[in-house]
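Undergrad: The structure's right below; bear with me while I get my questions together.
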Amino acid sequence: MGTSDKSIADLFPVPSSPPSTLVPKRWPGISLESTATLREVLKDNHERWHIFFNDSGYHKYAFLGTIHIAHRAIANWALGAAGDLLKAGYAADSTYQRPAFGPPEQITEKNFKDHLGDRQFYGGYLAFFTQVVRDHGIAVAVEKYIFSKDVNLVPSAGKKPDVFNRFLGGLLHPMIHIGYGLEFCLPGMVVEGRPGLSEAAVHPNSSSADIPGDFFDYPDGTEDTVSRLSSLHVSPPDTKVNGHGTHAFTVLQRVLNDPELGKVEDTGVRMFVHPLRTHASAIAKHMADWGVDATNPHEVERRVHELSWVNVVLFGIGGWSKDKPFNADFFHMHLVTSSIFLASYITYLKPSSQEHLLRGYLLVSIGWWVSRGRPALDIGGFYDATSPYPLLSGSLPPPDNTLKPKDPSKAVTPNAWLPIIETSVVHPDDHLPKLQRALAHYSSLYGTREPGQPDFAATELAGAEKLDGSLFIRASGLAANSMGRVREGEEAGSWGRDGFYQAKM
């Protein structure tokens with residue numbers, strides 16, 4: 001589809017090693033067979049299907065009409081799933097796709113801005129970005145066609161191109177899709193449709209992030225575009241209080257304290273766009289002193305850590321209530337699954353683009369939290385009521401010939417993560433393995449963190465001092481139970497879509 005007769009094998013090579021140690025490690029189980037199957041799935045998906053799976057380009061919500069075939073396949077491969085499972089996932093996800101079709105005309109550098117937001121030109125943008133990536137590489141392509149001033153503020157035919165807003169729109173799907181390309185060094189994922197460079201290009205303004213135009217400054221000079229991989233490493237997160245600006249947890253508390261941001265109602269298909277257009281300036285004000293010194297790699301790393309914690313807090317603690325079952329919110333879940341790619345982005349982007357990404361991402365994340373009703377964050381209640389060692393709901397007889405831990409259930413489930421991952425890769429829902437991969441990765445990074453550390457305790461967020469490294473397995477267990485442990489015979493559950501809106505008086 002629009003990629004010329006040149007082989008597309010170069011677009012989907014064997015996935016490379018993680019670009020930095022902040023990026024998730026691959027799970028055991030990857031093999032020649034599973035890798036060959038993954039490449040077959042990605043190439044077939046690339047050539048066969050259009051990025052929108054229906055004629056209107058929309059699902060019930062304006063950002064859900066895109067395919068997730070590649071997302072499930074790559075996530076399950078990275079979790080060690082066998083090739084047969086990758087094929088089964090592709091078969092299930094292909095049942096509702098729309099065949100690819102060509103564009104009305106080809107996209108060139110000259111008419112690049114003329115058809116932004118028009119899904120009919122997806123094939124044209126796909127061919128255009130394929131050549132760009134082949135000629136210049138993925139880092140240059142992402143910088144020039146997502147983060148540059150030209151594709152965001154310089155108008156064409158009287159319209160501002162606004163690609164960065166499109167990139168962070170659509171429930172973050174363009175960012176997620178490109179993120180897979182960067183994490184696994186898969187050029188085809190970077191160029192592809194509505195998820196990817198082409199996705200950002202044809203993403204409609206009706207569901208873009210709509211970040212205020214004065215939120216960023218664009219540098220005038222030339223910056224070093226060489227990746228700073230060597231400076232990005234996992235050092236123990238700095239838990240001391242420092243003077244490098246407001247913590248993201250403090251921003252959350254400021255938003256909680258703003259009465260206007262608690263009055264958002266469910267607006268259906270415009271649940272995100274309308275609240276963000278109404279309240280983006282207020283959110284930006286609350287995070288005005290949350291800056292990013294992108295010339296300092298350790299400062300960038302610290303901000304990535306903060307965003308990881310923030311979005312798991314919003315999903316896990318925000319979804320928990322002492323009076324109701326856990327609400328595994330579909331929209332907050334995407335905040336977690338997108339956050340895992342921030343570490344990959346910062347290895348490719350130059351400093352000003354890193355700042356734009358991290359600040360824009362925090363604003364959009366908070367925008368989604370507000371648009372879903374801004375659920376309370378009862379950290380103490382969450383820790384009192386949830387388990388740091390979630391087990392299966394049924395009882396299993398402990399084996400006889402094992403070590404004898406004090407708690408017999410530990411002999412049956414010696415690592416609570418393993419059954420969670422196993423049931424996720426066979427679950428019919430394609431989002432669950434992506435969520436659990438992210439949470440497991442964060443647990444590996446932060447699982448040893450003790451409560452009461454000064455960096456969290458010094459923030460304004462009520463109860464932040466109680467947060468510890470068990471947050472991720474607690475949230476994972478709640479999600480696993482809510483969605484159903486199908487491998488163990490439970491019925492499949494579904495994501496929450498009702499939100500957390502206050503009842504009208």
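The values are calculated or read from the model by the stated rules, or taken from the named source; none is laboratory data. Computed from a prediction, not measured in an experiment: that's the story for all the values here. Cβ: placed from backbone, ideal geometry, glycine included. Neighbour counts: every protein chain shown. Side chains are part of the model used for accessible areas, which takes the heavy atoms of the whole protein and leaves out ligands, DNA and RNA. Shrake-Rupley method; radii C 1.70, N 1.55, O 1.52, S 1.80 Å.
Undergrad: Below 15 angstrom from the Cβ of residue 319, what's the summed charge of the other residues (Lys, Arg +1; Asp, Glu -1)?
TA: Values: positive: 322, 324, 372, 374, 474, 497; negative: 323, 329, 378, 498.
Cβ neighbours under 15 Å give a net charge of +2.
Undergrad: Given labels modelled 7 Å from the Cα in the Cβ direction, how far is it in nm from residue 444 to residue 263?
TA: If labels sit at residue 444 and residue 263, their model points lie 4.7 nm apart.
Undergrad: If you don't mind, another one. Taking amide H atoms as placed 1.01 Å from N in the peptide plane, list the residues 5 or more away in sequence, or in a different chain, whose amide H sits under 5 Å from that of residue 329.
TA: 496
Undergrad: Same structure again: Mind listing the phi-derived Karplus ³J(HN,Hα) values for segment 288-298, rounded to whole Hz, using 6.51, -1.76 and 1.60 with θ = phi - 60°, and x for any glycine or proline?
TA: Karplus values, whole Hz, x for Gly and Pro: 4, 9, 8, x, 9, 7, 6, 7, 10, x, 5.
Undergrad: Let me ask something additional. Could you compute the FRET efficiency for residue 96 and residue 149, with r as their C-beta to C-beta distance and R0 at 35 Å, rounded to 0.05?
TA: Details: r = 39 Å, r/R0 = 1.11.
After rounding to 0.05, the efficiency reads 0.35.
Undergrad: Follow-up. Counting only protein heavy atoms and a 1.4 Å probe, tell me what percentage of segment 354-505's accessible area is made up of carbon and sulfur. Intermediate results must be reported in sequence, preceding the final value.
TA: Working: 3410 of 6540 Å².
The C+S portion of the solvent-accessible surface of segment 354-505 is 52 percent.
Undergrad: Quick check for you: with a 1.4 Å probe and neighbouring chains kept, what is the accessible area per residue of segment 379-460, in Å²? Let's see the in-between values first.
TA: Numbers: 4060 Å² over 82 residues.
Value returned for segment 379-460: 49 Å² of accessible area per residue.
Undergrad: If you don't mind, another one. Starting from the Cα of residue 149, draw a straight line to each of the aspartates and glutamates and keep only those under 15 Å, dropping any in the same chain fewer than 8 residues away.
TA: Once the sequence-local aspartates and glutamates are set aside, what remains near residue 149 is 162, 214, 217, 220, 223, 355.
Undergrad: Separate question: Would you please give the FRET efficiency between residue 35 and residue 105, computed as 1/(1 + (r/R0)^6) with r the Cβ-Cβ distance and R0 = 35 Å, to the nearest 0.05? Walk me through the intermediate numbers first.
TA: Working: r = 37 Å, r/R0 = 1.07.
Efficiency computed from Cβ-Cβ geometry: 0.40.
Undergrad: Using the beta-carbon distance between residue 498 and residue 296 and R0 = 56 Å, what value does 1/(1 + (r/R0)^6) give for FRET efficiency, to the nearest 0.05?
TA: Working: r = 42 Å, r/R0 = 0.75.
Result of the calculation: an efficiency of 0.85.
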